[in-house]
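Asks: Got a structure for you, written out below as structure tokens; questions coming shortly.
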Amino acid sequence: MANDVQERYARAIDASKRVRWDLNNLLDGREFDLRRPFLPKGLSLENEFLGLSAHEKLLLSQLQGRTYANIFGLVERFISAKVLQLTQNYWFGDQVALEALIRMADEELKHQELFRRMEVMMTNQFPRGYKQAGDPNSVAQAVLAAPSWSVLALTLHIELFTQAHYRASIAPGTDLCPLWQDVFLHHWREEAQHAILDELEFRRVDSALTLEERAEGVDGLIALVGAVDSLLQDQARADAGYFSVLCGRRFSDPEIEAMVDNLMKAYRWQYIVSGVTEPKFQNVLKDMLNDAQLEKIAQALSPLAYAKPNEH
Ligand SMILES: [Fe+2]
Ligand SMILES: [Fe+2]
């Protein structure tokens, strides 16, 4: 391994030790403040949901904030499993890279516990009836069946949008529920190292591929994004149904369909479009792929490209 690459794994370990936090210290004795929004407007796109009262918009932000935590809990199951698989390359080799990846997997296990505990707290603080789409283990098994290149591309994309969401929307949200915001501050601190490690591992895996294997990786990534999209469809439908419980009023069928469409736009923005348009993600792909492959990905994503905040 080149010295500068080894140095980056070593720096990730140092940063991971420096920012490490304890789950009990973060959560014990605290509750969500139901008078405040959870997910900020820049992510929830709440201004695009028409016909809701101010109180219903608050509930919408809290519902989306709950789903946001649960989606992280879900994807981190496959991320930690993937990282543990990657450690195999270093068992009898570079022990610094091994430690960096073990710490990352350990942090993702802690984050999953964080999101599970949050869901228990939310179950106690909100009316019954919330549903999470997708089982973390089944999703993880399906994702890990894809080529390594595809899984690492998806992972890098997720860990980059985690960074982008926190910096652009969550940190500046002065009106947000303090506990919800604090959770994502803590999460973001540990995720900063993950995005670096993802890129190192992604480049390492890419550099060993044949042209044919890389082409399979591109197809695998497109299929994974499609699977994410269909999971989001299920979640949007479940959340639209639960939203009427939260609001305590019946929505007509057309209102429910409009709610599903709006939630789908918000979720596509949060979990797909905001990540794939990150300049860092684009640049890494440009280093690896030829023009035809980049175009293939862009074409596959084009039906989702509408899902971003409206210009004001
Ligand atoms: Fe995480
Ligand atoms: Fe992570």
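The values are calculated or read from the model by the stated rules, or taken from the named source; none is laboratory data. Keep in mind that what you see is a predicted model, and the values were worked out from it rather than measured. Note that each Cβ is placed from the backbone with ideal geometry, even for glycine, and that neighbours are counted across all protein chains shown.
Asks: Six or more apart or on different chains, Cβ atoms under 7 Å: show the pairs whose first residue is in the range 161-181 and over 22 Å from GLN125 (Cβ atoms) and whose second is assigned to a loop (DSSP other than H, G, I, E, B) and charged (D, E, K, R).
Replies: PHE161/GLU278; ALA164/GLU278
Asks: Any residue in the range 111-127 that is assigned to a helix (DSSP H, G or I) sitting within a Cβ distance under 8 Å of a residue that is among the aromatic types (Phe, Trp, Tyr) and more than 16 Å from ligand 1 (Cβ to nearest atom)? List the pairs, counting only those 6 or more apart or interchain.
Replies: Correct list of pairs: MET121/PHE32; MET122/PHE32; MET122/TYR130; THR123/TYR130; GLN125/PHE32.
Asks: Something else about it: So which residues in the range 81-101 are among the aliphatic types (A, V, I, L, M) and either in a loop (DSSP other than H, G, I, E, B) or more than 15 Å from GLN6 (Cα to Cα) (or both)?
Replies: Correct list: ALA81, VAL83, LEU84, LEU86.
Asks: Sticking with this structure for a sec: Only one of TRP180, TRP188 is surrounded by fewer than 21 Cβ atoms within 10 Å (Cβ to Cβ), at pLDDT 95 or above and within 16 Å of ligand 1 (Cβ to nearest atom). Can you tell me which?
Replies: None of the other options fit; the residue is TRP188.
Asks: Same structure, new question: Every residue in the range 227-259 that is touching a Phe, Trp or Tyr at 6+ places or on another chain (Cβ under 7 Å) and aromatic (Phe, Trp, Tyr), please.
Replies: TYR242
Asks: While we're looking at this one, here's another question. Going by the conditions given, is GLN233 more than 16 Å from ligand 1 (Cβ to nearest atom), surrounded by fewer than 19 Cβ atoms within 10 Å (Cβ to Cβ), among the polar types (S, T, N, Q) and free of Cβ contacts under 8 Å to residues at least 60 places away in the same chain?
Replies: On the way: more than 16 Å from ligand 1 (Cβ to nearest atom): yes; surrounded by fewer than 19 Cβ atoms within 10 Å (Cβ to Cβ): yes; among the polar types (S, T, N, Q): yes; free of Cβ contacts under 8 Å to residues at least 60 places away in the same chain: yes.
Yes: the conditions hold for GLN233.
Asks: Quick check on the range 130-137. Is at least one of its residues surrounded by fewer than 22 Cβ atoms within 10 Å (Cβ to Cβ), within 16 Å of ligand 1 (Cβ to nearest atom) and not in a loop (DSSP other than H, G, I, E, B)?
Replies: For the range 130-137, residues surrounded by fewer than 22 Cβ atoms within 10 Å (Cβ to Cβ), within 16 Å of ligand 1 (Cβ to nearest atom) and not in a loop (DSSP other than H, G, I, E, B): present.
Asks: Restricting the search to the range 135-154, which residues are under 24 Å from VAL284 (Cα atoms) and among the β-branched types (Val, Ile, Thr)?
Replies: VAL143, VAL151
Asks: Shifting gears a bit: I want to confirm something. Restricting to the range 100-140 and keeping residues that are within 16 Å of ligand 2 (Cβ to nearest atom) and of a type in the set (Asp, Glu), which single residue is farthest from PHE243 (Cα to Cα)?
Replies: So, considering only residues that are within 16 Å of ligand 2 (Cβ to nearest atom) and of a type in the set (Asp, Glu), the one farthest from PHE243 (Cα to Cα) is ASP106.
Asks: I want to confirm something. Restricting to the range 138-176 and keeping residues that are over 11 Å from the mean Cα position of the chain (by Cα) and within 15 Å of LEU74 (Cα to Cα), which single residue is surrounded by the fewest Cβ atoms within 10 Å (Cβ to Cβ)?
Replies: By that ranking, first place goes to SER138.
Asks: Among the candidates VAL151, VAL143, VAL183, single out the residue that is among the β-branched types (Val, Ile, Thr), within 15 Å of ligand 2 (Cβ to nearest atom) and within 30 Å of CYS247 (Cβ to Cβ). Break it down stepwise before answering.
Replies: Details: VAL151 fails: within 30 Å of CYS247 (Cβ to Cβ); VAL143 fails: within 30 Å of CYS247 (Cβ to Cβ).
Being among the β-branched types (Val, Ile, Thr), within 15 Å of ligand 2 (Cβ to nearest atom) and within 30 Å of CYS247 (Cβ to Cβ) holds for just one of VAL151, VAL143, VAL183, which is VAL183.
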